[in-house]
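Heads up, the thing below is written out as structure tokens.
The values are calculated or read from the model by the stated rules, or taken from the named source; none is laboratory data. If you're wondering where the values come from, they're calculated on a predicted model, not measured in any experiment. Heads up, the Cβs are rebuilt from the backbone with ideal geometry, glycines too, and the neighbour counts pull from every protein chain shown.
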Amino acid sequence: MSEDEFLSPQDEQNQIRHSIERYEEMIRNKDAYFFDVDAFLNIIDFYIEKNDPVKALQVVDYAQSQHPGSVEFLLREAQLLAMVDRYQEALRILNQAEMLTPLDPDLYMIRGSIYSQLQKFEQAVENFNKAIPLADELDILYLNLAYVYESWGDYDKAIEYLSLSLEENPDNEIGLYEIAFCFEFTDRLNDSIEFYKKFIDRQPYSFAAWYNLGNVLNKLNRNEEALDAYDYCLVIKDDFSSAYFNKGNTYANMQRYADAIECYKKTFEYEAPDALTYYNIGECYEQLEDLHKARDYYKRATKLNPALPEAWLGIGITLQGEERWFEATHYIRKAIELNDENPEAWFALGDAEYHLNNFLQAESAYKKVMDLEPENHDIWLEYSHLLLADNRADEAIEMIEHGLVFHQNDADFLFRLCAYLYSSGKIREAYNTLENALGQNIDKCSAMFEYCPAMENDQHVLHLVDTYKNNL
């Protein structure tokens with residue numbers, strides 16, 4: 001047993017640091033010092049960790065001149081050549097190494113990784129499988145096989161190997177998060193719940209497993225169960241800010257906005273505030289109709305991330321809520337500058353311009369919403385109302401009729417069409433449409449009177465409404 005095996009971790013780190021400093025001194029002085037194999041390997045790993053493969057290759061070259069028979073340096077050289085995309089050279093060196101040490105698992109793992117990068121997945125799997133009976137750290141090997149199958153598009157096989165990896169090393173958090181991704185990508189959410197429950201039976205103190213279980217339950221709107229999972233996670237790791245954040249999302253989904261705000265703010269105890277958390281807090285205050293606080297948090301979000309369009313839009317919407325239409329347009333347009341494909345922003349801009357009597361600008365914005373989201377229910381109603389307000393009744397009627405193509409027999413559309421037809425003097429058509437509308441949903445007929453108050457004085461209209469009510 002060598003002396004090095006008795007070194008404390010601190011002494012070992014000091015020895016590694018000394019080797020690195022001595023090597024760099026040698027380079028500066030253009031001298032030649034001797035290093036043993038372990039010292040060279042530590043220096044190479046130091047440059048790999050610094051993501052400097054060129055310097056690491058220089059160390060390998062010097063190391064091979066002092067230790068020409070060492071297979072370790074051949075393997076490191078192949079690994080480094082792959083890092084700089086010199087794959088064919090790396091494979092040739094691995095072939096040399098295989099003749100010297102055919103039972104080294106690292107050889108097959110490096111070769112497997114190279115073939116995976118070259119998208120030669122069959123050869124990658126073949127080499128990783130060769131390493132299985134030779135390797136000590138099977139969890140890493142199975143994890144690499146899972147990555148190959150993910151790249152190959154076989155997520156079910158990836159899940160199989162991730163499960164094996166986690167059996168070998170249940171503390172491998174990377175594996176837990178990777179299997180969560182694979183289950184979600186393949187829409188196997190119920191399978192993932194079953195997996196996590198079995199995993200937790202064996203590892204009840206795995207905060208990452210509880211956290212991932214909470215995330216899946218949240219996606220399935222099983223909110224109470226999700227909250228329980230996050231709570232177990234936080235009992236185990238009470239400084240896990242992501243769990244507080246996602247617990248906040250769950251509360252928001254349940255419309256428990258005050259509880260959501262509390263969870264979002266709790267994250268600030270463990271990590272610096274970020275723009276998304278501020279934005280989510282702003283949304284909660286908006287839902288609580290506290291527009292001032294909502295706007296404050298939206299503004300905080302824009303200061304941390306000026307490129308977050310949702311936050312600029314949030315400011316605009318809170319101003320609209322206070323009927324500060326002109327100010328609102330400034331912030332909404334800023335949101336659109338950052339993302340001109342968001343129909344919600346264009347819709348908000350159209351509403352603001354409408355209230356400012358800028359009908360031309362409002363119509364332009366509404367048209368953009370229709371281009372982006374023709375299935376949007378409300379845009380047809382709002383756009384048609386704009387046309388009516390602009391004394392373009394025939395176009396308003398045409399707009400609603402067009403909207404019915406996307407929303408067949410929709411009561412909102414039919415009652416609105418009744419109002420427009422009646423206002424335009426097309427009484428008989430209005431009556432016929434009214435009968436259809438009442439048959440769809442009589443509870444929505446009050447909207448018709450809002451857009452055409454004269455109908456409330458029409459005895460035939462009232463008779464039709466009463467007849468349908470009595471027949472319910």
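Worth pointing out:
- Residue within segment 460-468 that is under 27 Å from Thr329 (Cβ atoms), in contact with a Gly (Cβ under 8 Å, 6 or more places away or on another chain), touching a residue at least 12 places away in the same chain (Cβ under 8 Å) and of a type in the set (Ser, Thr, Tyr) present: no
- Considered as a group, the residues in segment 41-92 that are surrounded by 22 or more Cβ atoms within 10 Å (Cβ to Cβ) and among the β-branched types (Val, Ile, Thr) include one that is nearest to the chain's Cα centre (by Cα), and that residue is Ile44.
- Hey, Gln96 surrounded by 16 or more Cβ atoms within 10 Å (Cβ to Cβ), modelled with pLDDT under 90 and at negative phi or not: no
- Segments classed as helices (runs of 4 or more DSSP H), wholly inside segment 84-189, with at least 3 members that are more than 30 Å from Asp52 (Cβ to Cβ): 121-131, 138-152, 155-168, 173-185
- Contact map, segment 409-426: first residue at pLDDT 90 or above, second residue in a loop (DSSP other than H, G, I, E, B), Cβ cut-off under 7 Å, separation 6 or more or different chains; pairs are Ala411/Asn441; Phe413/His407; Phe415/Cys445; Ala419/Cys452; Tyr422/Cys452; Ser423/Cys452.
- Qualifying residues in segment 19-41 (those that are at pLDDT 85 or above and in contact with a Lys or Arg (Cβ under 9 Å, 6 or more places away or on another chain)) - the one nearest to Pro102 (Cα to Cα): Leu41
- Consider segment 420-466 and keep the residues that are aromatic (Phe, Trp, Tyr) and touching a Cys at 6+ places or on another chain (Cβ under 8 Å). The one that is surrounded by the fewest Cβ atoms within 10 Å (Cβ to Cβ) is Tyr422.
- Restricting segment 7-40 to residues that are under 21 Å from Arg76 (Cα atoms) and hydroxyl-bearing (Ser, Thr, Tyr), the residue that is surrounded by the most Cβ atoms within 10 Å (Cβ to Cβ): Tyr23
- Annotation note: Cβ proximity below 8 Å between a residue of segment 47-63 that is over 19 Å from Tyr33 (Cβ atoms) and a residue that is surrounded by fewer than 18 Cβ atoms within 10 Å (Cβ to Cβ) (sequence gap 6+ or interchain) occurs for Ile48/Met83; Pro53/Met83; Pro53/Val84; Val54/Val84.
- Close pairs (7 angstrom Cβ cut-off, 6 or more residues apart or separate chains): within 17 Å of Phe35 (Cβ to Cβ) and assigned to a helix (DSSP H, G or I) in segment 6-17, modelled with pLDDT of 75 or more and not hydroxyl-bearing (Ser, Thr, Tyr) anywhere: Ile16/Asn42
- Looking across segment 232-251 at every residue that is within 16 Å of the chain's Cα centre (by Cα) and hydroxyl-bearing (Ser, Thr, Tyr), the one that is nearest to Ile200 (Cα to Cα) is identified as Ser242.
- When Ser151, Ser165 are screened for being farther than 28 Å from Thr267 by Cα, of a type in the set (Ser, Thr, Tyr) and touching an Asp or Glu at 6+ places or on another chain (Cβ under 7 Å), only Ser165 passes.
- Screening Met1 against (1) at pLDDT 80 or above; (2) in a loop (DSSP other than H, G, I, E, B); (3) loosely packed, with under 13 Cβ neighbours inside 10 Å leaves a single unmet condition, (1).
- Some residue of segment 204-218 being within 27 Å of Glu289 (Cβ to Cβ) and touching a residue at least 24 places away in the same chain (Cβ under 8 Å): yes
- Residues that are of a type in the set (Gly, Ala, Ser) and within 22 Å of Leu308 (Cα to Cα) were ranked within segment 243-280; the one that is surrounded by the fewest Cβ atoms within 10 Å (Cβ to Cβ) is Ala272.
- Only listed residue being surrounded by 15 or more Cβ atoms within 10 Å (Cβ to Cβ) and closer than 30 Å to Gln88 by Cα, chosen from Leu143, Leu166, Leu213: Leu143
- A search for C-beta distances below 8 Å between a residue of segment 180-196 that is under 18 Å from Phe207 (Cβ atoms) and any residue that is acidic (Asp, Glu), counting only pairs 6+ apart in sequence or on different chains, returns Ser192/Glu184.
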